[in-house]
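What follows draws every value from the coordinates through simple rules; no lab data is involved. As the structure is a prediction and not an experimental result, all values here were calculated from the model. Glycine also receives a Cβ, built like all others from the backbone with ideal geometry; neighbour counts cover every protein chain displayed.
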Amino acid sequence: MSAETIAMFAAELVVVGTAIAIYLGGAFGDRPRLWRWVAVGGLVVAAVVLLESPSGRVSDAPLEVDALANYLRWLSLASGVLFVMLGTGPIAGPNTAEYFGSLLLATAGAMLVSSTRDLVFLFVGLEMVSLPTYILLYLGRGDSASQEAAAKYFYLSIFASAMLLYGFSFLYGAAGSLDLGQIHARLSATHGSEGAFSVFAKIALGLVLAGLGFRLAAVPFHFYAPDVYQGVTHQNAALLSILPKIVGLAAVVRVVVVGMAGLQAYAWPALLAISLATMTLGNVLALWQDDLRRLLAYSAIAHAGYLLIGLAAFLGTQGGNLPAWDGLGAMLFYLLTYGLATIGAFAALSMFGQGDRQLDKVEELAGLAWAPDGADRSMAWLLAVFLLSLTGIPPL
């Protein structure tokens, strides 16, 4: 690893180093408050380092920092800070260090995925998010429901990863390279030709969309979300709503939009169909929910459709009258506002669940805005603001 690579990705190294320090420190003492502030301090230091981090392409590594990578790195880092501050309540005791360390590793993985230009490195980054997520889900409440949710996510995530790897193998067979830039050039050169390699590229497109659709909770790869959300804590439900979507969208943009040149005619109708089905099913099935986390799970499914419609518009308007980056820019802005509203909503629900109380059902929200406790009243109005933002009510 050259000095150029270290300088460009020093922020990720700081986050990983802080996670390792927390893991090691947790073996010698149970200090929940200390590990929380160490995690926050590491993320703040990483943010300062990221301010001075150079951009460009790394000559000796499959990495590239462009405008998209910088945006998603900052978004992942900011999300990591909010998730660490949410790490209270049931997340305490002997597993606190493991919880915060895993959270930092998942954040670092999301930052790395946004900067990759190689299929193998992309998969490693995705697994760097998935593996700590399994630990986080298991460490949630520690009851049977939490363990069941972690097991469901674990097995289905492995299946999705296998589909994604299978798609990468077909893509390698079609282009003869793992580098996304070379894949783009070779698929562009063979665009319109018939034969086995063209068939391989189309199969790769389908398998890649299926594998990444799981991380986005897009239909028909959404079925795990309601059960998993219901079994985990509010903090972990917020994590599942944001980080997988960041890495999933980053991977779709890198592989499908950037790498698979010549397949736009197939990619945008597929993304359009997935987004329409996702929006419709997520909103319709949400009407029958009485559990808050299941309701917000279907909200996360619907919002995955809203995000994918931006990618479909981006691919569909290449060469058209609209500026090509309008759809992608709208998707990135939507991802930011959706992240803030979702984390805020789950944070409010987590605050209501402190102590002996656990807010689970929709009907339990009734009357909270007029509760005797002033803190509950303020939190109830904040929750209303976040939920109105998720529904798209102006000016939120």
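Normalise the Cα radius of gyration of region 1-159 by 2.2 N^0.38 Å (N = residues in it) and let me know the number. Mind showing how you got there, number by number?
Details: Rg = 16.0 Å, N = 159, 2.2 N^0.38 = 15.1 Å.
Normalised by 2.2 N^0.38 Å, the Cα Rg of region 1-159 equals 1.06.
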Radius of gyration and maximum dimension Dmax of region 117-177, Cα, Å:
14.7, 48
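Give the shape of region 188-304 as rounded, prolate or oblate, defined through the alpha-carbon gyration tensor: a ≥ b ≥ c are the square roots of its eigenvalues, a/c under 1.5 means rounded, and otherwise the shape is prolate if a/b is larger than b/c and oblate if not.
Working: a/c = 3.25, a/b = 2.34, b/c = 1.39.
Prolate is the answer for region 188-304, as a/c is 1.5 or above and a/b outweighs b/c.
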Just to be sure I understand: with springs between alpha-carbon atoms less than 10 Å apart, which residue in R186, R377, R294 has the highest mean-square fluctuation in the Gaussian network model of the chain?
R377
Can you give me the distance in nm between label points at Y155 and A67, each placed 7 Å from the Cα along the Cα-to-Cβ direction?
4.5
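Can you figure out the FRET efficiency of V385 with Q182, using R₀ = 30 Å and their beta-carbon distance, to the nearest 0.05? Don't jump to the answer; show the numbers that get you there.
On the way: r = 47 Å, r/R0 = 1.58.
Rounded to the nearest 0.05, the efficiency is 0.05.
How high is the FRET efficiency from A277 to A7, r the C-beta distance, R0 51 Å, rounded to 0.05? Before the final figure, lay out the partial values.
Values: r = 44 Å, r/R0 = 0.86.
With a Förster radius of 51 Å, E is 0.70.
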Enter the angle in degrees (range 0 to 90, nearest 10) between the Cα long axis of helix 292-316 and the first principal axis of the Cα atoms of the chain, meaning the one along which they spread out most.
20
Residue separation between W37 and V124 times 0.36 nm, minus their alpha-carbon distance, gives in nm 28.5 nm
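Relative to the compact-globule scaling 2.2 N^0.38 Å, provide the ratio for the alpha-carbon radius of gyration of the chain.
Details: Rg = 21.0 Å, N = 396, 2.2 N^0.38 = 21.4 Å.
Taking the Cα Rg and dividing by 2.2 N^0.38 Å, one obtains 0.98.
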Label point 7 Å beyond Cα of Y334 along Cβ direction - residues of region 231-264 with amide nitrogen under 19 Å:
241-258
Looking only at G25, G339, G327, which one moves most when the chain is put into a Gaussian network model with springs between Cα atoms under 10 Å?
G25
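Taking 0.36 nm per residue of sequence separation and subtracting the Cα-Cα distance, how much length would be gained by fully extending the chain between R57 and D143, in nm to one decimal?
On the way: separation 86, 0.36 × 86 = 30.96 nm, distance 4.61 nm.
Here the answer is 26.3 nm.
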